[in-house]
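Notes follow the structure.
Bear in mind these aren't lab numbers, they're just calculated from the coordinates by the rules spelled out. What you see is a predicted model; the values in this text were computed from it and never measured. Glycine also receives a Cβ, built like all others from the backbone with ideal geometry; neighbour counts cover every protein chain displayed.
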Amino acid sequence: TIERTLILVKPDGVRRGLSGEILRRVEAKGYTLTAVNLLDASPELLAAHYAEHEGKPFYQPLVDFMLSGPILAVVAEGQGVIPGFRSLAGATDPTAAAPGTIRGDLGRDWGLKVQQNLVHGSDSAESAAREIALWFPGL
Ligand code: CMP
């Protein structure tokens, strides 16, 4: 079945001018972009988005990083796009991420308290529905 996922180009990706390169890879894979929005996320939105990480040592650095600049929020659609985009993105740690992936090709470890790893992708159908509703309340 055709599914939808939420992709975020995080502030490091937007700041480094990689939004186009990242979306190019998503489209080249054959997925369709159905909604895009460049925005400054609010603390409330990020608290809801990252609720499952509250209390972890990287939680506050993560929220601070996500508040550090604009984020490009994207809904992408296609057969298997939820695991498919996670596969395109590569491992969470950009140093470990395989070459050929977004994080493996374009990301690195900056020695900071949080992984600045360019992108987020929903990890399940339930997460995708929840996250799309948060980032695109109109959809
Ligand atoms: P994301 O897919 O947006 O979900 C949670 C984020 O927290 C993750 O990407 C990373 O940016 C960050 N993160 C996850 N695990 C760690 C960790 N062990 N140390 C630092 N940052 C992390």
task = Being touching a residue at least 60 places away in the same chain (Cβ under 8 Å), near the ligand (Cβ under 10 Å from one of its atoms) and aliphatic (A, V, I, L, M) narrows it down to one of LEU112, LEU118, LEU139, so name that one.
result = LEU118
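Taking the residues in the stretch 55-95 that are of a type in the set (D, E, K, R) and farther than 17 Å from GLU44 by Cα as candidates, determine which candidate is nearest to the chain's Cα centre (by Cα).
Looking at residues that are of a type in the set (D, E, K, R) and farther than 17 Å from GLU44 by Cα, I get ARG86.
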task = Keeping to the stretch 48-65, report how many residues are closer than 17 Å to ARG130 by Cβ and either within 13 Å of the ligand (Cβ to nearest atom) or surrounded by 15 or more Cβ atoms within 10 Å (Cβ to Cβ) (or both).
result = 6
ask   = Mind checking which residues of the stretch 116-128 are among the hydrophobic types (A, V, I, L, M, F, W, C) and either over 22 Å from HIS49 (Cα atoms) or assigned to a loop (DSSP other than H, G, I, E, B) (or both)?
value = LEU118
query = For the stretch 121-133, which residues satisfy the criterion of being in contact (Cβ under 8 Å) with a residue 12 or more places away in the chain, away from the ligand (no atom under 13 Å from the Cβ) and more than 13 Å from the chain's Cα centre (by Cα)?
reply = ALA125
inquiry  = Yes or no: the stretch 67-76 includes at least one residue that is more than 29 Å from ILE2 (Cα to Cα), out of contact with any strand residue (DSSP E or B) (no Cβ under 7 Å at 6 or more places or on another chain) and within 13 Å of the ligand (Cβ to nearest atom).
reply    = yes
key: Residues (surrounded by 14 or more Cβ atoms within 10 Å (Cβ to Cβ) and of a type in the set (A, V, I, L, M, F, W, C)) located in the stretch 130-139   = ILE132, LEU134, TRP135, PHE136
query = If you scan the stretch 80-104, which residues turn out to be surrounded by fewer than 16 Cβ atoms within 10 Å (Cβ to Cβ), more than 15 Å from GLU3 (Cβ to Cβ) and more than 10 Å from the ligand (Cβ to nearest atom)?
reply = THR95, ALA96, ALA98, PRO99, GLY100
